[in-house]
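Following: one structure in structure tokens, then a few remarks.
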């Protein structure tokens, strides 16, 4: 039987304690599950299907975390009893070993202060040794992972996933608030179009969109255009003239039969649909987690240098999106000196990296995840080992990481995300969110029938091709299909908007 100072085993623990703890855990779990359930019902009632799908994605991530937790709990005994040579544990350490530190000679006062801190941390890390460690010590080896390390790793994975979801939701809310301000531009355009007079010839330099975006022709103008695009993302990244011109270019290219098309509402629906992809943690992001943990070696300051990666990517994305707008203005200015009527730009995938606007979404996904990783790792170390931990690093490396994290969050929310929402609509294809839910179901049903017919007629090889065509029709409705169904669907789309 356990003594007074030792922890009691389950068979010697009072049943009322076991029942009370289990009741509390079950109660909190049911409250969380019911909250998510009623939130889902509310989103369905308000016809927020994309946000509801994002909520389902969050539930999937929670289920994955639960499975990871189960694996760590079930196999923690096996991991502890897995023994490795003691020499293997002396390489690539996040903190310098206590014995190595004691062997160094230094006459400075800072050395002794650091040695004292490292000693306290070393005793903290070595304070809990389980039965698995004793089992390996008898063989002259070391356990693969201690019980404390397994427990802390378990907590870190949970904190990382929750932080990523919170950061993604925060970015979506702040960016959505910025995009909502454009609604007044859409309402004003709809109102002005009703009483528009006859078309007149206008010189291109009289258009604000051309005057602010077109920097001339030549090598110097290209360099100046990129520099202007870099600076533009920090202040009024999207102006009213930008919105008006890109909106008209989208409508004239993809749905010319419906000039009253609510471009703002379509853009918000498309952004909500993309949000469900951003809130999840894909497999390649878990690979990055493993790589980051691997590179956390003492003296490398890996997390400090890695914190610059999402910032540089975010600045590159913002510059590229602003430059796409400048390219639209450049294409029009090169072909015309004056036009009759309104300024119409030509959307094209050629303006984007590798001709794929979706690449921007994947990069934003990585940026948000990497930023969440930095912040989650900081607070995890802070609450576990304290601010003076050797894993935390020096203050000169900690403060810049936190500042960079705040800059990334604000810049992505108020500039990059709104830019992504409108500029990526300037591709050659538009998304299925251009139709309301009723028409989307009809289009998806049509695509399914096409897939089945081509699969029956063409055999295995043709079946594979038809599936690709049908999938692309279901996820991004192309121009040719829109032209074929314009007469039948334009009135429905117009009424739905």
All-but-one check, residue 266 against (1) farther than 27 Å from residue 53 by Cα; (2) crowded, with 16+ Cβ neighbours inside 10 Å, failing number (1)
Do we find that residue 317 is part of a loop (DSSP other than H, G, I, E, B) and within 30 Å of residue 55 (Cβ to Cβ) in this structure? no
Filter the stretch 375-386 for residues that are surrounded by fewer than 18 Cβ atoms within 10 Å (Cβ to Cβ) and in contact (Cβ under 8 Å) with a residue 40 or more places away in the chain; the one that is nearest to residue 302 (Cα to Cα) is 379
Does residue 411 fit the bill of being under 25 Å from residue 226 (Cβ atoms), surrounded by fewer than 21 Cβ atoms within 10 Å (Cβ to Cβ) and either assigned by TED's automatic domain parsing to the domain that holds residue 267 or touching a strand residue (DSSP E or B) at 6+ places or on another chain (Cβ under 8 Å) (or both)? yes
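Rundown of residues vs (1) in the same structural domain as residue 183 (by TED's automatic domain parsing); (2) outside any helix (DSSP H, G or I); (3) within 30 Å of residue 94 (Cβ to Cβ), yes/no style:
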residue	(1), (2), (3)
228	yes, no, no
243	yes, no, no
261	yes, yes, no
288	yes, no, yes
293	yes, no, yes
Only one of 65, 39 that is under 18 Å from residue 166 (Cβ atoms), surrounded by 13 or more Cβ atoms within 10 Å (Cβ to Cβ) and at pLDDT 80 or above: 39
Here is a check on your reading of the model: is residue 396 over 25 Å from the mean Cα position of the chain (by Cα) and part of a helix (DSSP H, G or I)? yes
Looking only at the stretch 387-406, count every residue that is within 22 Å of residue 237 (Cα to Cα) and surrounded by 14 or more Cβ atoms within 10 Å (Cβ to Cβ) and tell me the total. 2
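The values are calculated or read from the model by the stated rules, or taken from the named source; none is laboratory data. Worth saying up front: this structure is predicted, and the values here are computed from it rather than measured. Because the Cβ atoms are built from the backbone with ideal geometry, glycine has one as well, and the counts that use them run over all protein chains shown.
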